[in-house]
Amino acid sequence: MDKQRVEEFAGRLFGFYTGALLSDLIAIGHRTGLFEAAAQGPATSAELATRAGLQERYVREWLGAMATSGVLDYAAATAAFTLPAEHAVCLTGPASANLAPFSEATTLLGQHVDGVERAFREGGGVPYEEFRPRFTAVMDGLSRGVFDEQLLTAILPVTGELPRRLEQGVRAAEIGCGTGHALTLLARAFPASEFTGFDLAADAIEQGRAEAADQGLTNVSFEVLDVAELPADPVFTAVFAFDTIHDQATPAAVLRRVHEVLEPGGWFVMMDTKAATDLEANLQNPFAPLLYSISTLHCMTVSLARRGAGLGTVWGEQLAKTMFADAGFGAVDVHDVPDDPLDAVYVTRKPA
């Protein structure tokens, strides 16, 4: 027995547990506006509580965790706390660099540990419906900034001629569209085209309809539908899927259906996890522990709850390409997403 190795591993475990608890406190800071208030400048606990309209005693204890973990700086001489500008970039604002919304995912998934444990023992899984309605808001918070910054300027350009076709006017769809923010961006950018979003979650679909109505968009609509049952008439020129295929109960059937509803030469554009299929190829991936954990606590279990394939978050590029080929698609191009190390963009077409 190597005593030093035991101590080192115990230290790592305490690091895991500390990070989990700090994640909950980051979620509180995100929800209550504490980070936005701290970004205004140095403040004591009382001053920060006043800025945010919160109880000073809770703010003081929260600040203790933020200061000792290095999230905020503390000046003992003035009892003032400062959020460094470099940290504020990662904790405030509407941009995709704001990682504070990710803390909402950890707090949500932690609520379902009991159900996942039961599935470990008995089989099955935790149904998607049990994660809602919070899941809708969490996913919207995680993806909105990425779509705002990357969809039109980085993701769409790698699809080749598709932007030109959208400008001319075609029918396009998004499967597993959630709140539909990506489609509203596309509908506003390409008014000659018609867009339809499909999702199982009625609450998310209602939010998509509301956003489109608020923007006065008449070329985008949303339907509550199992995407394995996509309508095939009339056909679509393009189908988009953003981080949704690996959650499906029947992902192979969904891909086959997407192939069926596309016109010859039509595009399938998928943004999904950037990882390898085989575990050994992911051992040096610094994000792999995060991805496998999310898969166990959500993506795999919601599929298995419906007696599905349980593909999981880390299905990987190699299996994705194989499943595309099995569904009838042609060559697959894989592209990185700028400023998003967790995802890749897959572009393939139905043979003409």
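The values are calculated or read from the model by the stated rules, or taken from the named source; none is laboratory data. Keep in mind the model is a prediction, meaning the values are calculated, not measured. Cβ atoms come from the backbone with ideal geometry, glycine included; neighbour counts cover every protein chain shown. The protein model used for the area step is the full one, side chains on, heavy atoms only, and it has no ligands, DNA or RNA in it. Shrake-Rupley method; radii C 1.70, N 1.55, O 1.52, S 1.80 Å.
Some notes on this structure:
- Listed by position, the helices (runs of 4 or more DSSP H) inside the range 1-65 whose residues that are over 27 Å from the mean Cα position of the chain (by Cα) number at least 2 are 3-32, 45-52.
- The set of residues from the range 187-207 being open to solvent by less than 40 Å² (accessible area, probe 1.4 Å), touching a helix residue (DSSP H, G or I) at 6+ places or on another chain (Cβ under 8 Å) and over 18 Å from Arg171 (Cα atoms) comprises Ala201, Ala204.
- Per-region count, the range 34-53, residues free of Cβ contacts under 8 Å to residues at least 24 places away in the same chain, within 20 Å of Gly93 (Cβ to Cβ) and surrounded by 15 or more Cβ atoms within 10 Å (Cβ to Cβ): 3
- Look at the range 315-338: where a residue is over 25 Å from Ala249 (Cβ atoms) and at pLDDT 95 or above and a partner is among the polar types (S, T, N, Q) and buried (at least 17 other Cβ atoms within 10 Å of the Cβ), sitting 6+ places away or on another chain with Cβ atoms under 8 Å, you get Gly330/Thr348; Ala331/Thr348; Asp333/Thr348.
- Looking across the range 244-300, the residues that are without any contact (Cβ under 8 Å) to a residue 40 or more places away in the chain, charged (D, E, K, R) and more than 26 Å from Arg132 (Cβ to Cβ) come down to Glu260, Glu280.
- For the criterion of being among the polar types (S, T, N, Q) and in contact with a Lys or Arg (Cβ under 9 Å, 6 or more places away or on another chain), Gln55 fails.
- For the range 80-119, taking the residues that are part of a loop (DSSP other than H, G, I, E, B) and small (Gly, Ala, Ser), the one that is least open to solvent (accessible area, probe 1.4 Å) is identified as Ala100.
- Test: residue in the range 146-167 that is open to solvent by 50 Å² or more (accessible area, probe 1.4 Å) and in contact with a strand residue (DSSP E or B) (Cβ under 7 Å, 6 or more places away or on another chain): yes
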